[in-house]
Structure formats: structure tokens, C-alpha cells
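Engineer: Please see the structure below; I have some questions.
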Amino acid sequence: MNSIETETYKVHFNSKGYEELNRYINKHNFSKIFILVDTNTHEHCLTAFMSQLKANIAMEIIEIDAGEQHKTIETCVGVWNALSDLNADRKSILLNLGGGVVTDLGGFVASTFKRGIKYINIPTSLLAMVDASVGGKTGVDLGTVKNQIGIINSGDIVLIDTSFLDTLPQNQLKSGLAEMLKHGLIKDKAYFETLTDLSKLTLNDLDDLIYESVIIKKNIVTEDPNELGIRKHLNFGHTLGHAIESYFLESEHKEELLHGEAVAVGMVLECYLSAELLNFSKDDLESITKAINMIYKPVIFEDKDYAPIIEFLKFDKKNEHGNINFVLLEAIGQPKIDCLAPNELILEAFQFYNNSINN
Ligand code: GLY
């Protein structure tokens with residue numbers, strides 16, 4: 001697969017990606033290589049990755065606990081301390097080998113350690129390949145509120161090795177698929193339809209579909225790197241998705257909900273709001289809802305859940321002057337930013353979702 005290049009970073013794929021990575025590392029005369037893993041990628045990905053790395057430079061592994069609950073400033077402190085104890089200097093490089101938590105947190109740690117060292121993302125989950133690792137968003141959660149702390153700073157390279165997906169559980173694959181579905185909904189109806197016709201897809205198609213998603217994301221991020229305008233389109237499904245995810249993360253009585261599982265519900269809810277507020281086609285609302293419900297397990301909401309979920313909306317990063325700004329759709333491929341939705345309509349959207357999973 002050809003590399004995808006922007007002025008600030010390059011995304012390389014598979015075997016050619018390792019050649020480029022090795023060339024980059026050997027060109028830059030780094031003092032030390034630090035590889036950030038979590039407990040899962042340490043076990044499943046590190047050996048394969050190390051076997052491809054051809055660099056005659058001292059290396060150290062730093063491991064963090066796996067899981068969104070560890071995407072915290074406390075974990076960053078642990079990694080900063082490890083870098084410091086292991087004598088990292090400003091010519092050191094951090095390689096983030098993992099899913100979205102590792103790439104977001106590692107990018108943030110690198111961007112702030114000694115006011116910034118270089119870093120490279122090697123995403124190992126589908127979600128990180130098509131979304132988290134591209135576009136330079138780095139950061140951590142504040143309590144259970146998602147991605148409240150962070151900065152935008154791209155590493156020079158992203159290396160996508162799709163063979164890591166072979167070890168990924170189904171639910172994690174589906175979590176990443178939600179971001180790809182989002183790319184279709186905000187940009188390309190045909191792409192959305194290809195993705196939802198899973199019966200026709202094989203694992204061999206996945207590389208091409210990932211490539212297409214990275215291109216969609218890259219084009220948006222290149223036009224608006226600092227999210228002043230069209231980058232907000234990438235937040236479709238995420239205003240309610242993040243609030244649901246945060247609420248489930250903090251509620252002991254709720255089962256774990258992956259990011260993409262929450263975003264999938266968020267997309268149904270926000271399509272409903274789009275139909276009510278922007279005349280989004282009711283037929284498309286029905287077919288998108290059906291497609292999403294075919295892929296994802298139903299999420300059960302109780303009456304007592306809605307008020308705290310709506311409360312979480314106030315932390316959304318797109319909010320301005322006290323308004324909760326949604327990205328909604330006028331049509332598939334035509335997002336509209338800065339839309340306001342009254343709470344009663346949000347509650348109606350939940351009722352729509354609840355009815356859809358019961359039918
Ligand atoms: N994940 C959304 C963005 O990178 O803007």
C-alpha cells in the first residue's frame with residue numbers, strides 16, 4: 001500500500017512501513033529508543049514489532065496497564081518518571097505501540113517531556129489505526145471525562161501494520177469499525193454502505209477499507225488541523241457517544257462499553273436529532289439504525305441514566321458560551337456543525353434508540 005503523506009506527518013503501511021520506520025530511526029541519530037506498551041500489546045505485539053526494528057540504538061520498554069481507566073495524568077506521571085529514571089534526553093524517541101489509549105497518552109507524554117521529544121505511533125487496534133493515531137490529537141481523560149487534557153502535536157510517522165489485527169478480539173474490531181462507519185456518514189455514502197454490507201466483506205478487504213478511512217481522516221485534518229471548523233465533523237456521534245461512554249465508565253452497575261460501541265449508539269441518536277432538526281432523511285435514519293443494530297449489541301438504558309448522561313454533555317470540547325454544539329447531518333456526507341438540540345429532543349432520541357433495539 002502506498003504511504004499517505006501530509007506536510008507534517010506520513011502514514012506508512014505494513015512491510016514498507018517497517019522499511020520507512022527503520023530508515024527514519026537510523027537517519028535521526030536518536031540517543032535512545034523508548035517503546036511504550038500496555039499489558040496487552042506487551043504480550044501480543046511487542047515481539048513481532050521488535051523483530052522488524054533494525055536499529056543499533058539502546059532501547060527500553062515502558063509498560064502501562066491496559067484500559068481506558070488508565071488514560072490518566074497519574075499514568076503519565078509514571079511514564080515521565082520512567083523516562084527520567086532511564087535517562088531519556090531530548091534526543092530520545094518514544095514509540096507508542098498500542099491502541100488509542102497508548103497512542104493518545106504516549107503522544108501527550110512525548111509532547112510534554114522536556115518540552116517535547118519525538119514520537120511515533122504504531123497503532124495495534126483498528127480504532128487507533130483509523131482514528132486515534134492520525135491527526136496529532138494527544139491527551140488523557142480527566143476523571144471519567146474523555147480527553148479533557150491534551151494538545152495537538154503529530155509525530156513524524158504513523159506505522160500501520162494490519163497484521164496486529166489478527167490478535168484483536170471481535171468487540172475491539174467492531175469498536176474501530178464505528179469510526180470507519182462515521183467516516184462514511186460524514187463523507188461518503190458508498191463507503192458507509194460497503195462497510196455495512198459485512199456479508200460481502202472478507203478480512204482481505206480490511207486493508208483497503210482502513211486505507212480509505214485514513215485518507216478521509218487525513219483530508220479533513222489537513223484542511224483544519226486545530227479543529228476550528230471542518231475537523232469538528234469527525235465528532236459526529238461523539239457528543240452523545242462520549243457522554244454515554246463516560247457515564248458507563250463511572251457507573252459501577254454498568255457493564256464495560258468500548259469507545260466505538262458508545263459512538264455507535266451516539267450516531268443513531270445524532271441521526272435522530274438530524275432528522276428532527278435538519279430534515280435528514282427518515283429512510284436513511286431507519287437504514288443506518290438497522291445497520292448499526294445488526295453489528296453492535298444493544299445498549300440498555302434505564303430512566304435514571306438520562307439525566308447524568310445529559311449532565312456529561314457540558315464537558316464536550318466543542319461547547320462554546322455554554323451551548324452544547326452537536327455535529328448533525330443534513331444528509332449522508334453533509335455534516336453541519338454547531339447545532340443545538342433541546343434536552344427533550346435528546347430524550348426522544350433515546351426513546352427512538354430503545355424502540356429500535358426492541359423491534
Ligand atoms: N478523533 C477525532 C479527531 O481526531 O479529530
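The values are calculated or read from the model by the stated rules, or taken from the named source; none is laboratory data. Since the structure is predicted, the reported quantities are computational estimates derived from the model, not experimental observations. Here the Cβ is made from the backbone with ideal geometry for all residues, glycine too, and neighbour counts use every protein chain on show. Just the protein is used for accessible areas: all its heavy atoms, side chains included, with ligands, DNA and RNA removed. Shrake-Rupley method; radii C 1.70, N 1.55, O 1.52, S 1.80 Å.
Engineer: For the range 243-291, which GluC sites (Glu not before Pro) are both in a DSSP coil and crowded by at most 13 other Cβ atoms within 10 Å?
Structural biologist: E252, E255, E256
Engineer: Per DSSP H run of n ≥ 4, the term is -39500 (n - 2.57); total these for the chain, divide by its residue number, and report the mean residue ellipticity at 222 nm rounded to 500 deg cm²/dmol.
Structural biologist: Roughly -15500 deg cm²/dmol at 222 nm, from the helical runs in the chain.
Engineer: Evaluate the distance, in nm, between pseudo-label points positioned 7 Å from the Cα of E311 and of E256 along their respective Cα→Cβ axes.
Structural biologist: 2.5 nm
Engineer: At 0.36 nm per residue, minus the direct Cα-Cα distance, what do S281 and A190 gain on full extension? Give it in nm, one decimal, please.
Structural biologist: 31.1 nm
Engineer: Still on this structure, please answer the following. With point charges of +1 on the Cβ of Lys and Arg and -1 on the Cβ of Asp and Glu, referenced to the Cα centre of the range 55-195, which listed residue (M59, G78, T138) lies farthest in the positive direction of the dipole?
Structural biologist: Going by the charge dipole, the pick is T138.
Engineer: Filter the cross-link list K182/K304; K32/K118; K182/K218; K254/K282 down to pairs whose alpha-carbon distance in this structure exceeds 23 Å.
Structural biologist: Long pairs (Cα-Cα over 23 Å): K182/K304; K254/K282.
Engineer: For a protection proxy built on the mean count of beta-carbon atoms within 10 angstrom, sort 178-185, 41-48 highest first, please. Provide the component values of the computation, followed by the final result.
Structural biologist: Numbers: 178-185: 26.4, 41-48: 17.0.
In decreasing order of mean packing, 178-185, 41-48 become 178-185, 41-48.
Engineer: Distance check, please: which entries in K71/K137; K137/K314; K114/K318; K91/K114; K10/K187 exceed 18 angstrom between their Cα atoms?
Structural biologist: Numbers: K71/K137 14 Å; K137/K314 21 Å; K114/K318 30 Å; K91/K114 10 Å; K10/K187 22 Å.
K137/K314; K114/K318; K10/K187, as the Cα separations exceed 18 Å there.
Engineer: Kindly state, as a whole number, the per residue volume in cubic angstrom of the convex hull around the alpha carbon atoms of the chain.
Structural biologist: 128 Å³
Engineer: Name the residues of the range 244-278 whose amide N is less than 19 Å from a point 7 angstrom out from the Cα of K318 along the C-beta direction?
Structural biologist: 244-247, 259-278
Engineer: What is the gain in length, in nm to one decimal, between N29 and T6 on full extension, counting 0.36 nm per residue of separation less the C-alpha to C-alpha distance?
Structural biologist: Additional length available on full extension: 6.0 nm.
Engineer: Nearest 10 degrees, 0 to 90: what angle lies between the long axis of helix 259-278 and the longest principal axis of the chain (Cα atoms)?
Structural biologist: Helix 259-278 sits at roughly 40 degrees to that axis.
Engineer: Counting only protein heavy atoms, what percent of the accessible surface of the chain is carbon or sulfur at a 1.4 Å probe?
Structural biologist: Carbon and sulfur: 48 percent of the exposed surface of the chain.
Engineer: Right, here's the next one. Angle check, please: helix 100-112 long axis (alpha carbons) against the longest principal axis of the chain (alpha carbons), in degrees 0 to 90, nearest 10.
Structural biologist: 60 degrees
Engineer: Angle, helix 343-358 long axis vs. longest principal axis of the chain, Cα atoms, 0 to 90°, nearest 10?
Structural biologist: 90 degrees
Engineer: Which value does Rg/Rh take for the range 75-116 over its C-alpha atoms, Rh per Kirkwood?
Structural biologist: Expressed as Rg/Rh, it is 0.93.
Engineer: Let me ask something else about it. Taking the Cβ-Cβ separation of E60 and I230 as r and a Förster radius of 45 Å, what is the calculated FRET efficiency to the nearest 0.05?
Structural biologist: Between E60 and I230 the formula returns 0.70.
Engineer: Out of every Cα pair in the range 238-315, what percent are spaced more than 15 Å from each other?
Structural biologist: Of the Cα pairs, 57 percent sit more than 15 Å apart.
Engineer: Here's something else I'd like to know. Contact order normalised by length for the range 1-113, with contacts defined as Cα pairs under 8 Å and 6 or more residues apart; what percent is it? Write out the running numbers ahead of the final one.
Structural biologist: Values: 130 pairs, mean separation 34.3, N = 113.
Here the relative contact order equals 30 percent.
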